[in-house]
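The values are calculated or read from the model by the stated rules, or taken from the named source; none is laboratory data. Keep in mind that this is a model prediction, so the values were computed, not measured. Reconstructed Cβ throughout: ideal geometry from the backbone, glycine too, with neighbour counts over all protein chains shown.
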Amino acid sequence: MFLIARFIQNATDIYSLILVAFALLSWFPNAYNTQLGRFLETLTKPILQPLRRLPLQFAGLDFTVWIAVILLHYISRYLINILLMI
């Protein structure tokens, strides 16, 4: 069980870094049109697309990625707690 819990934790950390990298691309003009930008978009689209329907844009800032990272960590912590209780 510890191995599965560690895998979930590592996968969460890696995916969080991918989400942050995707968010940082917005600082550079036309970065989403590069090969790296399109690759990161295909990786993050399944998580970010449902969250984009929520009103998470305030004063010109988009907090969708940060909410996704927080939700991802809470879900992984919940899954790990369930696994360790078994």
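Any idea how many residues of region 57-75 are more than 26 Å from A5 (Cα to Cα) and within 15 Å of the chain's Cα centre (by Cα)?
Of the residues in region 57-75, 3 are more than 26 Å from A5 (Cα to Cα) and within 15 Å of the chain's Cα centre (by Cα).
Do any helices (runs of 4 or more DSSP H) entirely within the chain hold 3 or more residues that are surrounded by 11 or more Cβ atoms within 10 Å (Cβ to Cβ), in contact (Cβ under 8 Å) with a residue 12 or more places away in the chain and among the hydroxyl-bearing types (S, T, Y), and if so, which?
Passing ranges, in order: 2-24.
R77 passes all but one of (1) modelled with pLDDT of 95 or more; (2) in contact with a strand residue (DSSP E or B) (Cβ under 8 Å, 6 or more places away or on another chain); which number fails?
(2)
Every residue in region 37-86 that is closer than 12 Å to T12 by Cβ and among the small types (G, A, S), please.
A68, S76
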